[in-house]
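Read the figures in this text as sums done on the coordinates, not as results from a lab. Because the structure is a prediction, the values reported are computed rather than measured. Cβ coordinates were reconstructed from backbone atoms using ideal geometry, including for glycine residues, and neighbour counts include every protein chain displayed.
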Amino acid sequence: MKSGFVSILGRPNAGKSTLLNSLVGEKVAIVTSKPQTTRNRITGVLEVPAKRKQPTAQIVFVDTPGVHKPGTQLDRRMMQEVYEALETRDIVILLVDASREMQFAEPAELAALDETQVSEAGPEASIDSPTPDLRPKGGSWRSEDEFVLGLVQKLDCPVFLVINKIDLIRREQLLPLIDGLMKQYKFAEVVPISARKRDGLDVLVEKLVEYLPVGERYFPPEQFTDQPERFLVAELIRERILMETGEEVPYAAAVVIEKFEEPPPGPEKAKKPRPLKGGGFAEPKQPLTNISAVIYCEREGQKAILIGKQGAKLKAIGTSARKEIESLLGTRVYLELHVIVEPGWRESRGFIDTLDWRRQLEDMAARQAGEVAEE
Ligand SMILES: Nc1nc2c(ncn2[C@@H]2O[C@H](COP(=O)(O)OP(=O)(O)OP(=O)(O)O)[C@@H](O)[C@H]2O)c(=O)[nH]1
Ligand SMILES: [Mg+2]
């Protein structure tokens, strides 16, 4: 069999998370029309059954935050997530939004930029990368498109150019776009798709499998992500915030699950409907998950917006998030939301650390170990 990691790279809003969800067939990543929705790398696993000459394969897709020029510590952390996803991969997908105009210099101009800007770039022009060779040479930020391309040029693995949102453009617009991009880099394959309409995905998967190395599974076949449910729940709440609020609020909001009480394991067999006095049957009560979450924002004004008149906004966020969470967990959900102001958290490395679910898991394990030791 074949297996490997495929990282999805691109600018904000290219449709990376939509592509991940469409490929995996589950909602593993939240999607909104606002740029910079995704803040950390998200894994989605696809099992590909054997087909014609191809063996069975497991593709581990890694969705990443959109590549953007960092302004805050949070942005830097997001870019670090991108770099980490680029380090551990077998193939990279460069996802491009076909409906957006791109800004590239001519290749000759780019080379010149690389030469001249090495010593000129100020500290804010470069972004922190754990591996020096992935750091932009001189950090040319003439355009984010160029920057993404610069990242790709430093990779030594096959890079697929995947053109997304072809449902938004006319056929005759596609070829010039592909031509222009192919001048910039020698891509292993070029695949036009519509992630939203799931158009072209079969071809994409088939071609990816061709390039994957022979290897065993990284995840059990039935597992589709490594994210714990409580993190998925936090993300679903954040998705609702992104959709229900505007301007700075979505970017200044972070969600942390404080309580996640799952129902006790019930009997395997579904309960029988209970007969009602006046005839008919009452639906058996489904198990209940009890969740409490904190929404952090940076200022009192943002808190006021999040809560809304007489709590209307928070209620709307809670109601729509609860429905999504219920369908994810398959239980009824009691959801409690609190809003807390944490001034300037996007500049605080310590606070940003606490948002990382891998970190949260470690802390929870440490606390549990502490409790056991105390007993
Ligand atoms: N028409 C159309 N819209 C799409 C397609 N794929 C994604 N979108 C839309 O593009 C917007 C951004 O999609 P996301 O999947 O959140 O984009 P992303 O690249 O993950 O964005 P960030 O997480 O912000 O970097 C959403 O409104 C999607 O519905 C597509 O194939 N066609
Ligand atoms: Mg995304």
> Residues with amide H under 5 Å of GLY215's amide H, sequence separation 5 or more or different chain, H placed in the peptide plane at 1.01 Å from N; which?
Replying inline: LYS2, SER3
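Per DSSP helix of 4 or more residues, -39500 (n - 2.57); summed, then divided by the residues of the chain. What does that give at 222 nm, rounded to the nearest 500? Kindly include the intermediate steps, with their values, before the conclusion.
Numbers: 12 runs with 138 residues, N = 375.
So the calculated ellipticity at 222 nm is -11500 deg cm²/dmol.
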> In this model, which of LYS2/LYS53; LYS16/LYS207; LYS2/LYS186; LYS2/LYS183 are farther than 22 Å apart at the alpha-carbon?
Replying inline: LYS2/LYS186; LYS2/LYS183
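For the chain, give the share of DSSP beta bridges that are antiparallel, in percent and rounded to the nearest 5; count only bridges with both residues there. Please report the intermediate quantities before stating the final value.
On the way: 19 of 51 bridges.
That works out to approximately 35 percent antiparallel.
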> Arranged by the count of other C-beta atoms within 10 angstrom, fewest first, what order do ARG240, ARG358, ARG299 take?
Replying inline: ARG358, ARG299, ARG240
> How about LYS277: which lysines have a C-alpha closer than 25 Å to its C-alpha, ignoring those fewer than 8 places off in the same chain?
Replying inline: LYS269, LYS285
> In terms of Cα to Cα distance under 18 Å, which aspartates and glutamates are near enough to LYS27, apart from those fewer than 8 places away along the same chain?
Replying inline: GLU47, ASP63, ASP199, GLU222, ASP226, GLU229, GLU235, GLU239, GLU324, GLU326
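Classify the range 204-268 as rounded, prolate or oblate, taking a ≥ b ≥ c as the square roots of the eigenvalues of its Cα gyration tensor: rounded when a/c is under 1.5, otherwise prolate if a/b is larger than b/c and oblate if not. Could the numbers behind the result be given before it?
Details: a/c = 3.32, a/b = 1.36, b/c = 2.45.
Here the range 204-268 falls in the oblate category.
Would you mind ranking TRP357, TRP345 by Cβ crowding within 10 Å, fewest neighbours first? Intermediate values should be presented prior to the final figure.
On the way: TRP357 18, TRP345 22.
The order, fewest Cβ neighbours first, is TRP357, TRP345.
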>> With the crude spin-label approximation of a point 7 Å out along Cα→Cβ, what separation in nm comes out for ALA373 versus ALA304?
In response: 4.7
